[in-house]
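Heads up, the thing below is written out as structure tokens.
Computed from the coordinates by the stated procedures, all read-outs in this text should not be read as laboratory data. Everything numeric here is computed off the predicted structure, so don't read it as measured data. Ideal geometry is used to build each Cβ from the backbone, glycine not excepted, and the neighbour counts take in all protein chains shown.
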Amino acid sequence: MTESTTQEAVVLEQPGKIVLTNVNIPKISDANDVIVQIKATGICGSDIHYYTHGRISHFVVKSPMVLGHESSGVVVLIGDNVKTLKVGDRVALEPGFPNRFSSELKEGRYNLDPDLKFAATPPYDGTLTKYYRAPKDFVYKIPDHVSFEEGALMEPLSVAVHANRLAKMRFGARCVVFGAGPVGLLTGKVASVFGATDVVFVDLSETKLERAKQFGATHMVNSGDLPQGVSAETVIRKAIGKKGADVVFECSGAQPCIRTGIEVCKAGGTYVQVGMGQEEIQFPISKIPTKEITFQGSFRYCQGDYSDSIELVSSGKLSLKPLITRRYQFKEAIEAFDENRDHPLDNVKTIIEGPE
Ligand code: ZN
């Protein structure tokens with residue numbers, strides 16, 4: 001590591017203003033900590049949302065915050081109790097650390113711990129720095145044939161794995177995915193790797209739907225370009241069968257998608273809400289009891305999701321490479337965020353490399 005006590009970081013100073021500025025280099029504060037030198041970071045929709053709106057739900061940016069939470073790197077320092085990792089290991093970082101005494105953790109759902117310290121979620125700093133500190137059990141080795149870029153994208157992949165687990169995805173399932181952004185694409189792809197035989201993608205953008213072909217899509221429905229008098233529901237049922245979907249993944253958070261999702265979910269099926277959009281929406285709630293739909297929320301990831309994600313990629317069952325549309329150097333980070341904010345349709349995943 002370096003002698004210096006400060007390092008450059010990508011900091012959201014206030015909504016609408018990102019700066020490259022110096023912050024303190026973290027130190028090992030617990031014998032179970034490791035310090036990772038960051039090599040690649042993906043820009044997430046949440047980073048852009050904080051940049052433009054300064055808040056997501058009840059998380060509000062009140063003071064300057066380092067951005068970034070989809071990162072990989074190399075271990076450069078380990079605490080005295082770290083036996084599972086060594087200096088030089090290539091790793092993916094799981095960026096949310098629960099309180100070890102929380103009841104949610106004891107119940108096996110540490111992602112729901114209200115005190116979870118999650119990178120780049122206010123008030124916690126993110127990973128867009130040179131050095132980042134994490135507890136040893138949130139740092140996962142990646143094999144040499146998995147790139148740092150792919151290591152960084154284990155984060156959105158873990159979101160997709162978690163949603164599929166909660167949906168109890170199985171061979172032969174017929175699925176519909178609303179929203180073909182990064183999480184939607186990965187959720188559909190994981191469903192197909194887990195055995196789904198039909199994966200229908202629904203989106204308003206032809207560009208996004210075209211990409212879905214590389215992510216397990218068996219059918220694509222452009223809900224913004226339907227023939228006169230034909231509903232999205234009709235087209236989806238045509239693709240997937242009259243009875244509807246075994247599993248619906250709603251990854252857009254948009255009211256029309258939520259409504260259609262509940263309509264096309266079959267009796268006894270599972271509806272998983274992954275996306276977050278408007279705080280309050282209207283939807284036909286009576287369909288949930290009358291069809292005995294299991295309505296499932298899915299939030300980030302939990303035990304096992306990161307290791308499964310790494311296995312999916314390292315075994316070659318799933319490639320994260322088609323997700324990457326642009327690369328920037330660390331020094332160009334502000335430009336990278338602006339490009340993502342201004343052209344959301346052209347960019348799936350942008351990777352910021354370094355810093356060197
Ligand atoms: Zn993310």
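The chymotrypsin sites (Phe, Trp or Tyr not before Pro) found in segment 87-174 that occupy coil by DSSP, while having at most 14 further C-beta atoms within 10 Å, are Phe101, Phe171. Once backbone amide H atoms are built at 1.01 Å from N, Gln329 has Glu353 as its partners under 5 Å, excluding neighbours fewer than 5 places away on the same chain. Only Lys, Arg, Asp and Glu carry charge here, each on its Cβ (+1 for the first two, -1 for the last two); on that basis segment 1-71 has a dipole of about 240 debye about its Cα centre. Which one, Thr207, Leu226, Ile240, projects farthest toward the positive side of the charge dipole computed for segment 181-259 from Cβ point charges (K/R +1, D/E -1)? It is Ile240. DSSP beta bridges confined to segment 58-205 are antiparallel in about 65 percent of cases.
Each residue of segment 132-138 was assigned a 3J(HN,Hα) from its phi angle through the Karplus curve 6.51 cos²θ - 1.76 cosθ + 1.60 (θ = phi - 60°); the sequence is 9, 9, 8, x, 4, 7, 10 Hz, with glycine and proline shown as x. What separates the Cα centres of segment 193-223 and segment 270-333 is a distance of 14 Å. Quick check: from the Cα gyration tensor, does segment 163-310 come out rounded (a/c under 1.5), prolate or oblate? Cα axes put segment 163-310 in the rounded bin.
Taking the longest Cα principal axis of the chain as reference, the axis of helix 305-314 is set at about 90 degrees.
Principal-axis analysis of the Cα atoms of the chain puts helix 154-166 at an angle of about 40° to the longest axis. In this simple spin-label approximation, Ile28 and Lys106 carry label points 7 Å from Cα along the Cα→Cβ vector, and these lie 3.1 nm apart.
What angle, in degrees between 0 and 90 and rounded to the nearest 10, separates the Cα long axis of helix 333-342 from the longest principal axis of the Cα atoms of the chain? On a 0 to 90 degree scale, this one is about 20.
Phi-derived couplings, Karplus 6.51 cos²θ - 1.76 cosθ + 1.60 at θ = phi - 60°, listed residue by residue for segment 191-201: 4, 5, 5, 7, x, 4, 9, 10, 10, 9, 9 Hz, with x used for Gly and Pro. In sequence order, segment 319-329 has phi-based couplings of 10, 8, 4, x, 7, 7, 9, 8, 10, 9, 7 Hz under the Karplus curve 6.51 cos²θ - 1.76 cosθ + 1.60, θ = phi - 60°, and Gly or Pro positions carry x. The aspartates and glutamates within cross-link reach of Lys243, meaning a Cα-to-Cα straight distance under 16 Å and a gap of 8 or more places when in the same chain, are Asp198, Glu233, Glu263, Glu292. About its Cα centre, the dipole of the chain is roughly 1060 debye, where the only charges are +1 on Lys and Arg Cβ and -1 on Asp and Glu Cβ. With the alpha-carbon atoms of the chain aligned to their principal axes, the span from lowest to highest coordinate is 67, 39, 37 Å, starting with the largest. If only the Cβ of Lys and Arg carry +1 and only the Cβ of Asp and Glu carry -1, the dipole of segment 17-165 around its Cα centre is close to 240 debye.
The aspartates and glutamates within cross-link reach of Lys86, meaning a Cα-to-Cα straight distance under 14 Å and a gap of 8 or more places when in the same chain, are Asp33, Asp137. For Ala40, the residues whose modelled amide H falls within less than 5 Å of its own, excluding neighbours fewer than 5 places apart on the same chain, are Ser72, Gly354. Taking Cβ atoms as reference points and 10 Å as the exclusive limit, the residues near Asn347 contribute a net charge of 0, counting Lys and Arg as +1 and Asp and Glu as -1. Gain on full extension, evaluated as 0.36 nm per residue between Leu226 and Lys238 minus their Cα-Cα distance, stands at 3.0 nm.
Run the paramagnetic zone check for Asn81: 7 angstrom along Cα to Cβ, then residues of segment 20-55 with backbone nitrogen under 13 Å. Hits in segment 20-55 for Asn81 at 13 Å: 29-34. Taking a Cβ cut-off of under 11 Å around Phe295, the surrounding Lys, Arg, Asp and Glu residues balance to a net charge of 0, with basic ones at +1 and acidic ones at -1. Mean separation of Cα pairs under 8 Å and 6 or more residues apart, divided by the residue count, gives the chain a relative contact order of 17 percent. By DSSP, the beta bridges lying fully in the chain are antiparallel in about 60 percent of cases. Applying both filters, DSSP loop and at most 11 other Cβ atoms within 10 Å, to the GluC sites (Glu not before Pro) of segment 1-107 gives Glu3, Glu107.
Volume of the convex hull of segment 46-104 (Cα atoms only), normalised per residue: 154 Å³. Considering only trypsin sites (Lys or Arg not before Pro) in DSSP loops that have at most 15 other Cβ atoms within 10 Å, the longest stretch of the chain without any of them is 244-316.
All other residues whose Cβ lies under 14 angstrom from that of Gly54 are scored, Lys and Arg at +1 and Asp and Glu at -1, for a net of +2.
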